[in-house]
């Protein structure tokens, strides 16, 4: 990951992420290994200066032999860990005005370290050959946020996802990993995916996570998983006749309608209007927060919370959801990141 700094090493299951170079490396690297990583780092350039990046984030699955080739199964685990690291950072960091980051910072490059001087690079459907590997350069996309401050992945998410990263025995967990991948694609700053189409990608992430087939099922799933955070119910008509629904469920119904309007081309209101819920909060910002709350609750069914919380999921940071979604923040309520 050449466009990212993480500061302290992060362990996600068998996968270890660390900055290189760093004063205190978590693995032992030989002189040959350091030379290899130095060559790798020289291939990545900043934008617009096109200077060599200060550091790269290395992902390794074997601390005793850090730079060995990976098997196909190991590459799958590394990709999964990359999505988990991105989610653990972006779930709180994407809309942070002080320390912004996007999924573009977490782009993961798989690179062969050994071989002949000639090298070929495959990107999408294009295969480019180089007579001299030293001439191969990658410039940071101009829309990628840059910061000298390391990203801050949420420790509770990192721990729980790390414990489950190798599991594929439950359909709910398989959907979780698909959802994290969709969440990753939704939070790019590439202009091609911003605005209305970001909402579509966030809906895909929620649909993969919660397994709903229609608006009624979506509202019901949100009622189940977001219940610890959104308790205030109102009498409204979402389906056939009035019923009691929380603010989170009311948002889910409206968000699903926006998704349908976009997918089926039934857009009869200005695009900017569709981006906001009740003209107050951006749909994308609400969707990110709802997604992280659902992930937290689903993880809690597989991984017990820390003893300091009685084994329950850590909900500090989202308990003010009802006030927040209405932009009626209580100045005495401080949103504190759990595990940050």
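The values are calculated or read from the model by the stated rules, or taken from the named source; none is laboratory data. Everything numeric in this text was worked out from a predicted model, so none of it was measured. Because the Cβ atoms are built from the backbone with ideal geometry, glycine has one as well, and the counts that use them run over all protein chains shown.
Only helices (runs of 4 or more DSSP H) whose full extent lies in region 153-251 are considered here, and the ones with at least 2 residues that are farther than 14 Å from residue 287 by Cα are 155-164, 171-186, 215-225. Filtering region 87-98 to residues that are in a loop (DSSP other than H, G, I, E, B) and surrounded by 15 or more Cβ atoms within 10 Å (Cβ to Cβ) leaves only 94.
Can you give me the number of residues within region 264-295 that are in a helix (DSSP H, G or I) and more than 24 Å from residue 223 (Cα to Cα)?
Counting residues in region 264-295 that are in a helix (DSSP H, G or I) and more than 24 Å from residue 223 (Cα to Cα) gives 4.
Filtered by the rule that a residue be under 20 Å from the mean Cα position of the chain (by Cα) and either outside the structural domain of residue 104 (by TED's automatic domain parsing) or under 19 Å from residue 149 (Cα atoms) (or both), region 46-65 gives 56, 57, 58. All conditions in (1) within 23 Å of residue 192 (Cβ to Cβ); (2) touching a strand residue (DSSP E or B) at 6+ places or on another chain (Cβ under 7 Å); (3) not in a loop (DSSP other than H, G, I, E, B) hold for residue 47, with the sole exception of (3). Checked against (1) within 16 Å of the chain's Cα centre (by Cα); (2) modelled with pLDDT of 75 or more; (3) within 21 Å of residue 140 (Cβ to Cβ), residue 99 passes all but condition (2).
Just to verify a result, which residue in region 222-238, among those that are in contact (Cβ under 8 Å) with a residue 24 or more places away in the chain and within 19 Å of residue 179 (Cβ to Cβ), is surrounded by the fewest Cβ atoms within 10 Å (Cβ to Cβ)?
223
It is to be established whether one or more residues within region 283-297 are more than 20 Å from the chain's Cα centre (by Cα) and either closer than 16 Å to residue 198 by Cβ or modelled with pLDDT of 90 or more (or both).
No, region 283-297 contains no residue that is more than 20 Å from the chain's Cα centre (by Cα) and either closer than 16 Å to residue 198 by Cβ or modelled with pLDDT of 90 or more (or both).
Each row is one residue, and each column tells you yes or no for (1) crowded, with 18+ Cβ neighbours inside 10 Å; (2) touching a residue at least 12 places away in the same chain (Cβ under 8 Å); (3) within 16 Å of residue 105 (Cβ to Cβ); (4) not assigned by TED's automatic domain parsing to the domain that holds residue 121.
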{"residue": "14", "(1), (2), (3), (4)": "no, yes, no, no"}
{"residue": "19", "(1), (2), (3), (4)": "yes, yes, yes, no"}
{"residue": "30", "(1), (2), (3), (4)": "no, no, no, no"}
{"residue": "36", "(1), (2), (3), (4)": "no, yes, no, no"}
{"residue": "78", "(1), (2), (3), (4)": "yes, yes, no, no"}
